[in-house]
Amino acid sequence: MNVGLIGLGAMGVGMARNLAKAGFLSAVYNRTTAKAQTLAAELQINYAQSPAALAEQVDVVLICVSADQDVLDVVDAISAAIKSGAVVVDMSTVSSNTAQIAAAKLAKQQVQFLDAPVSGGVEGAKNGTLAMMVGGDADTLEKIRPILAAMATRIIHMGDSGAGQATKAANQIMGAGINQAVTEALAFAQAQGLPMDKVIEVISGGASGNWFLQHRGKTMTNGTFAPGFKLALHHKDLKICQDMAEQTGAAVPLTDMTVQAYSQLMADGFGDEDISALYRLKRRR
């Protein structure tokens, strides 16, 4: 099966390289044409001048863009050109409702749609070690599992269309809680005058140890916030979580608190930094 990838942001580039390494990727598209051309030349594949042009030449279209409307715009753009029997996999983080709308649009063209958001950050995309939560037809997932396995080491079918995005929403809420806990604890430790490298080392080896502490603890306490996952994007995701929670009557107070904190940091000009920039706010307080 020939595969095309639409969206070459921080995550998409790593995914593209792993797909090409596994021999699946044949074309890429990105709104910034130069970026697609450069990567296509590196990987010795085609670059498409439009989403429709990409869809015409592949059996599987992978999407990795930023927002709900972006996903729907891509789906509309490829609908007229995509082959009957093709598969579209959206790896963006959007709402369950958007996934269901996309699935319904493509079903009219006899095209299967999977919502397959990922977790693992830029490191996971680069190393091919992402976790992928998938909604949609289970048989379609099994058909293209080898393709997805080039990018992810854990691929779990969650249910019907939208279930993957609902799972990702739960993941983003959990990530907010971990960010809150780690940044607050490290700001507290610093206020106590403790040696921060040792604090991070010893806590990482105990019951409170976690990936975020291990990979972001030293950078944040040294005042470095190069993005692995941009704060503004997590803010966007948590707004989606708020909307989904409102529809079901679920209470998400930690999410509400994090959205408010991120809004303040974005207003201060830190939206393009890593989510560990929350440490800036905890340290001030």
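Protein-only accessible surface at a 1.4 angstrom probe places the residues T140, T32, T219 in the order T32, T219, T140, largest first.
Couplings 3J(HN,Hα) of the stretch 166-177, computed from phi: 5, 5, 5, 4, 4, 4, 5, 5, 4, x, 4, x Hz, in residue order, whole Hz [Karplus 6.51 cos²θ - 1.76 cosθ + 1.60, θ = phi - 60°; x for Gly and Pro].
Protection proxy ranking for 85-94, 242-251, using the average of other Cβ atoms within 10 Å per residue and placing the highest first: 85-94, 242-251. Taking only the Cα atoms of the stretch 53-93, the ratio Rg/Rh comes out at 0.94, with Rh defined as the Kirkwood radius.
Legend: residues T129, T255, sorted from most to least accessible area (1.4 Å probe; ligands, DNA and RNA excluded), read T129, T255.
Can you give the charge dipole size of the chain about its Cα centre, rounded to the nearest 20 debye, using +1 on the beta carbon of Lys and Arg and -1 on the beta carbon of Asp and Glu?
The calculation lands at about 680 debye.
Measuring between their Cα centroids, the stretch 34-81 and the stretch 239-285 lie 31 Å from each other. According to the calculation over all Cα-Cα pairs in the stretch 62-192, the P(r) per 10 Å bin from zero is 13, 40, 30, 10, 5, 2, 0 %.
Compute the FRET efficiency between A170 and A207 as 1/(1 + (r/R0)^6), taking r as their Cβ-Cβ distance and R0 = 25 Å, and round to the nearest 0.05. So, using R0 = 25 Å, E works out to roughly 0.70. Under the rule a/c < 1.5 gives rounded, and otherwise a/b versus b/c splits prolate from oblate, where does the stretch 198-285 land using the Cα gyration tensor? Oblate, because a/c is 1.5 or more while a/b does not exceed b/c. Close amide-amide hydrogen proximity is noted between I155 and M132, each under 5 Å apart and 5 or more residues distant or on a separate chain (H modeled in the peptide plane; Pro and chain starts excluded).
By DSSP, the beta bridges lying fully in the chain are antiparallel in about 15 percent of cases.
Between the helical axis of 253-267 and the longest alpha-carbon principal axis of the chain there is an angle of about 90 degrees. Whole-Hz Karplus values for the stretch 226-240 come out as 4, x, x, 9, 5, 4, 5, 6, 5, 4, 4, 5, 5, 5, 4 Hz, taken residue by residue from phi with 6.51 cos²θ - 1.76 cosθ + 1.60 and θ = phi - 60°; glycine and proline positions read x. A full extension of the chain between K198 and E123 corresponds to an added length of 24.6 nm, given 0.36 nm per residue minus the alpha carbon distance.
If only the Cβ of Lys and Arg carry +1 and only the Cβ of Asp and Glu carry -1, the dipole of the stretch 114-220 around its Cα centre is close to 280 debye.
Rounded to the nearest 0.05, the FRET efficiency derived from the C-beta distance between A67 and R285 at R0 = 30 Å is 0.45.
The angle between the Cα long axis of helix 68-79 and the main principal axis of the chain comes to about 10°, on a 0 to 90 degree scale. Averaging the sequence gap over all C-alpha pairs within less than 8 Å and six or more residues apart, then dividing by the number of residues, gives the stretch 120-172 a relative contact order of 42 percent.
Here's the list of lysines a cross-link from K21 could span, going by alpha-carbon distance under 22 Å and ignoring same-chain residues fewer than 8 apart: K35, K126, K143. Using Cα atoms only, what is the angle between the long axis of helix 33-43 and the major principal axis of the chain, expressed in degrees (0 to 90) to the nearest 10? On a 0 to 90 degree scale, this one is about 80. R283 exposes around 110 Å² of accessible area when a 1.4 Å probe is run over every protein chain in place.
Once the gyration tensor of the Cα atoms in the chain is diagonalised, the equivalent ellipsoid follows with semi-axes of 35, 21, 17 Å, ordered largest first. DSSP finds beta bridges in the stretch 1-134, and of those with both partners inside it, around 10 percent are antiparallel.
The values are calculated or read from the model by the stated rules, or taken from the named source; none is laboratory data. Only a predicted model underlies this, so the values are computations on that prediction, with no experimental measurement involved. Backbone-built Cβ (ideal geometry, glycine too); neighbour counts: all protein chains shown. Calculation scope for accessible area: heavy atoms of the full protein, side chains included, ligands and nucleic acids excluded. Shrake-Rupley method; radii C 1.70, N 1.55, O 1.52, S 1.80 Å.
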